[in-house]
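Below is one structure, written out as structure tokens, with a few remarks after it.
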Protein chains: 2
Amino acid sequence: MKDFVQCVPTRFVFGRGTERQAGQQVRDFGGTKALIVYGGGSAVRSGLIDRVARSLDEAGVASVCLGGVQPNPRDTLVYRGIELARREGVDFILAVGGGSVIDTSKAIAHGLCYDGDFWDFFCGKARPERTTPFGAVLTMSAAGSESSNSCVITQESTKTKRGVRSELNRPRFAIMNPELAMTLPPYQIACGATDILAHIMERYFTCEAEVDLTDRLCEGAMQAVIRAARIAVKQPDSYDAQAQLMWGSTIAHNDTLGIGRVQDWGSHQIEHELSALYDVPHGAGLAVVFPAWMRYHMHKNVMRFAQFAVRVYGCAMDFEHPEATALRGIEAHEAFLRDIGMPLTLSELGARAEDIPALAAHTKKTNPDGTTGGVFPMTPEDIEAILRIADR
Amino acid sequence: MKDFVQCVPTRFVFGRGTERQAGQQVRDFGGTKALIVYGGGSAVRSGLIDRVARSLDEAGVASVCLGGVQPNPRDTLVYRGIELARREGVDFILAVGGGSVIDTSKAIAHGLCYDGDFWDFFCGKARPERTTPFGAVLTMSAAGSESSNSCVITQESTKTKRGVRSELNRPRFAIMNPELAMTLPPYQIACGATDILAHIMERYFTCEAEVDLTDRLCEGAMQAVIRAARIAVKQPDSYDAQAQLMWGSTIAHNDTLGIGRVQDWGSHQIEHELSALYDVPHGAGLAVVFPAWMRYHMHKNVMRFAQFAVRVYGCAMDFEHPEATALRGIEAHEAFLRDIGMPLTLSELGARAEDIPALAAHTKKTNPDGTTGGVFPMTPEDIEAILRIADR
């Protein structure tokens, strides 16, 4: 178990109708004029933006709106948001949406306090040193951005998707009403569940010894998310399933499940290339990449992949052939992804085999030696091989 | 799943030698003069207090010491601490020890900001509304006070042990070095592990439906703590086992495992009577009370007790006789407690059968109707019956 420092100061307000507490929460954290950031028209049509704005108004908080956040959120809207917030004298950023909206809000919050180009934080030229207070009203269970230290933005002109990790990325509060996720299409719910599981799995497949406690927590969370996802894609109006997914999305990515471990994140880096180039949902990309990544790497730590198979999917341990058990676990995970309607191949994603070398070459090198990923560092050749497995 | 609000803003600094960061942490939270609170002479003899004081000194933080905290910490020392802190112009309270030391520090921190008698908070006359910043250097894994919202103090003159829950009870930081727990006697390690498990079990045995995610997290945490406890009592110098226990103590009691659930806490209330009257370790008292509580109540929710048996202790499910499985789980838990050297009967604790009616009558009534406990509310007669089961 590795040493760690962890602090998740976000206040979670969880339950039915909690979006009506948005105004009070913004007030609690000193906001007097908020920029409400949201995505498409559905948040307006459903009346959610109205409810939130009214709540702010009742709490004496002025507000101005910025809609139009797209999935795989773009730098262009971040620039517009910073400009609008500056012009309007905003002192609080309130995200109303999922991960894309929250990440856009984080980038606006940081950029508002910075004299240079906010993209400096994403291309490694600068580190955010302060930010504008921001909070979130969550509408879907996926990215975990509502309390994570992560923020991912795509530079539209270069199709470069990059993330920045900073403790400043943790919102002051996260309002979480699982009812708001009930109107999502099943495909989007499934993409979210896949993302949640990937966040846990990037932490789970570690080479760090003696991490039994977090192993067990990861396994428990994965079991619960898998169960809830199967229910929610069939019955999106199941409050209970949506509640498990929503809280699952949060703990999957705020490092409750990751402390003391070497983590990987190679699959995420590969997926960022897919969603930047083809603009596919992040969860769908992960459904294609992660099983291929598992098949490619399982032989390097067979017992851990067998443990995953036995403890998460209830596979019987083949003590004579642990690698057979490990493979059963990957197959079980693929079967689950199929069950909830996820793609498993590059072609289902609309990706082209001829792009594979470029995708592999463009994947962010996260290590000083030019490799990618923490547990199993990968060269571009490894990444290419993984994408070829996904090209089935 | 119930609605909830949760916020654990404590900064965790976990790993070898982390006590040397105490000064920097106190500085980070604005402290200029700290009251260092500790227990017996071992913290002095081991050099720990010296290391912490030197770290403060190097960070430019002045300090004054208050030793002598006893297990089941007393109001008398809290009064002395408040007086000393006031006289010395202290602006930060730094606990160096386990739950008793941290709880004493919390009570001093609250009392220092309060014009009346600090006991007002514990007898229900007042609620703490502000506090002095405080932090902890943890030396044993048990109470979880290093990030819980709980604080328990015993009024010496009346032998009344009472707790207060408040978000103000969460420390600013918790420095957690598992090495510091290696010098504890195995009995104390076992008491700590029993307390950790009890904190999880008070949350686990709920009547709330659809709490699959926290169920699974509780089960995983219990499995890891049970495994680590077995190792740590035999090899107290196992860093890995101590690390699992130390992080386990934290997440067991900061509500990571309790959100959205009806919790019980009846066993804790009964145990408070035992440790107040006989001055036995809290963990030892819980080892006696909890299995008796389980045996008394299991018939009211057989399937949950069976789930505990199967998922935590790996018992085979007897589908024809779930109650037999439930009982196997309780027996497995008793066998574990025995294995780590815990008492299971009142007499092993030095308690007297003739005190049972008075113990039952004195147990804090936590509900408006005069009953005790959240999931299975108990009358004094129920409590008496439970204590009779423990009188075996």
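Once you sort the root eigenvalues of the Cα gyration tensor of region A:10-156 as a ≥ b ≥ c, which label holds: rounded (a/c under 1.5), prolate (a/b larger than b/c) or oblate (the other case)? Prolate, because a/c is 1.5 or more and a/b exceeds b/c.
In region A:245-294, burial by the other protein chains removes 40 Å² or more of accessible area from A:Trp247, compared with the chain on its own (1.4 Å probe, ligands and nucleic acids ignored). A point 7 Å from Cα along Cα→Cβ stands in for B:Asp3, and the other copies hold the same point at 4.4 nm, listed in rising order. Of the whole protein surface, B:Trp119 contributes about 20 Å² of accessible area at a 1.4 Å probe radius. Computed over the alpha-carbon atoms, chain B gives an Rg to Rh ratio of 0.96, Rh here being the Kirkwood radius from the mean inverse distance.
Using the alpha carbons alone, the radius of gyration of region B:210-274 stands to its Kirkwood radius in an Rg to Rh ratio of 1.05.
Residue ranking by accessible heavy-atom surface, 1.4 Å probe, largest first, among A:Ser157, A:Ser267, A:Ser46, B:Ser100 comes out as A:Ser157, A:Ser46, B:Ser100, A:Ser267. Roughly how large, in nm² to one decimal, is the mean projection of the convex hull of the alpha-carbon atoms in region B:31-114? Average of the hull's projected areas for region B:31-114 equals 4.8 nm². Using a/c under 1.5 as the rounded threshold, could you call region A:1-77 rounded, prolate or oblate? The axes a ≥ b ≥ c are square roots of the C-alpha gyration tensor eigenvalues, and prolate needs a/b larger than b/c, oblate otherwise. Verdict is oblate for region A:1-77. In the protein assembly as shown, the convex hull through the Cα atoms has an average projected area of 33.1 nm², a quarter of its surface area. The calculated pair-distance distribution of region A:102-188 uses every alpha carbon pair, bins of 10 angstrom beginning at 0, and gives 17, 45, 29, 9, 0 percent. Under a Cβ-Cβ cut-off of 15 Å, what is the net charge of the residues other than A:Leu138 that fall near it, where Lys and Arg count +1 and Asp and Glu count -1? Net charge around A:Leu138: +1.
Carbon and sulfur together cover what percent of the accessible area of the protein assembly as shown at a 1.4 Å probe radius? The C+S portion of the solvent-accessible surface of the protein assembly as shown is 50 percent. Per the Kirkwood definition applied to all pairs of different Cα atoms, how many angstroms is the hydrodynamic radius of region A:249-373? The Cα-based Kirkwood calculation yields 15.9 Å. Mean separation of Cα pairs under 8 Å and 6 or more residues apart, divided by the residue count, gives region A:18-139 a relative contact order of 29 percent.
Bridges between two residues of region A:110-228, per DSSP, are antiparallel at a rate of about 65%. Compared with the alpha-carbon gap, the fully stretched path from A:Tyr79 to A:Arg54 is longer by 6.3 nm at 0.36 nm per residue. Counting heavy atoms of the protein chains alone, B:Val302 has an accessible area of about 30 Å² for a 1.4 Å probe. Taking Cα atoms, how many degrees apart are the long axis of helix A:75-88 and the longest axis of chain A, rounded to 10 and kept between 0 and 90? Its long axis makes an angle of about 20 degrees. In Å, what Kirkwood hydrodynamic radius results for region A:297-355 from the alpha-carbon pair distances? Mean inverse Cα-Cα distance, inverted, gives 12.5 Å.
If you take all other residues with their beta carbon under 15 Å from the beta carbon of B:Glu202, and give Lys and Arg +1 and Asp and Glu -1, the sum is -2. Bridges between two residues of chain B, per DSSP, are antiparallel at a rate of about 25%.
Could you work out how far helix B:239-253 tilts from the main Cα principal axis of chain B, as a 0 to 90 degree angle to the nearest 10? Relative to chain B, helix B:239-253 is tipped by roughly 80 degrees. Interface B-A: total buried accessible area of about 3400 Å², 1.4 Å probe, protein heavy atoms only. Rounded, prolate or oblate, given the Cα gyration tensor of region A:135-251, with a/c below 1.5 counting as rounded? Because a/c hits 1.5 or more and a/b fails to exceed b/c, region A:135-251 counts as oblate. Based on protein heavy atoms only, the protein assembly as shown ends up with 35 Å² per residue of surface accessible to a 1.4 Å probe. Here region A:117-186 is assigned +1 on the Cβ of each Lys and Arg and -1 on the Cβ of each Asp and Glu. Its dipole about the Cα centre then comes out at about 240 debye. Report the net charge of residues surrounding B:Val211, where surrounding means a beta-carbon distance below 10 angstrom and charges are Lys +1, Arg +1, Asp -1, Glu -1. Net charge around B:Val211: -1.
Amide H contacts of A:Met378 (H built 1.01 Å from N, in plane; Pro and chain starts excluded): A:Thr372, A:Gly373 sit under 5 Å, all sequence-distant by 5 or more or on other chains. From its DSSP helices (H runs of at least four residues, each -39,500 (n - 2.57)), chain A gives a residue-normalised ellipticity at 222 nm of -15000 deg cm²/dmol.
If only the Cβ of Lys and Arg carry +1 and only the Cβ of Asp and Glu carry -1, the dipole of chain A around its Cα centre is close to 760 debye. Between the helical axis of B:282-297 and the longest alpha-carbon principal axis of chain B there is an angle of about 30 degrees. Distances, shortest first, from the label point of B:Glu323 to those at the same position in the other copies read 5.2 nm; the point lies 7 Å along Cα to C-beta. Taking the DSSP bridge list for the protein assembly as shown and keeping only pairs wholly inside it, about 30 percent are antiparallel.
Listed cross-link partners B:Lys2/B:Lys365; B:Lys33/B:Lys159; B:Lys2/B:Lys300; B:Lys159/B:Lys234 are compared with a 25 Å cut-off, the Cα-Cα value being larger for B:Lys33/B:Lys159; B:Lys159/B:Lys234. The residues of region B:187-220 listed by number as losing at least 50 Å² of accessible area in the complex, against the isolated chain and with a 1.4 Å probe, are B:Glu210, B:Asp212, B:Leu213, B:Arg216, B:Leu217.
With its label point defined 7 Å out from Cα along the Cα-to-Cβ axis, A:Asp279 lies at 7.5 nm from the matching points of the other copies, in increasing order.
The values are calculated or read from the model by the stated rules, or taken from the named source; none is laboratory data. Treat the numbers as computed from the prediction; the structure is a model and nothing was measured. Please note: Cβ atoms are built from the backbone with ideal geometry, for glycine as well, and neighbour counts cover all protein chains shown. Ligands, DNA and RNA are stripped out before the accessible areas are found, and what is left, the full protein with its side chains, is counted by its heavy atoms. Shrake-Rupley method; radii C 1.70, N 1.55, O 1.52, S 1.80 Å.
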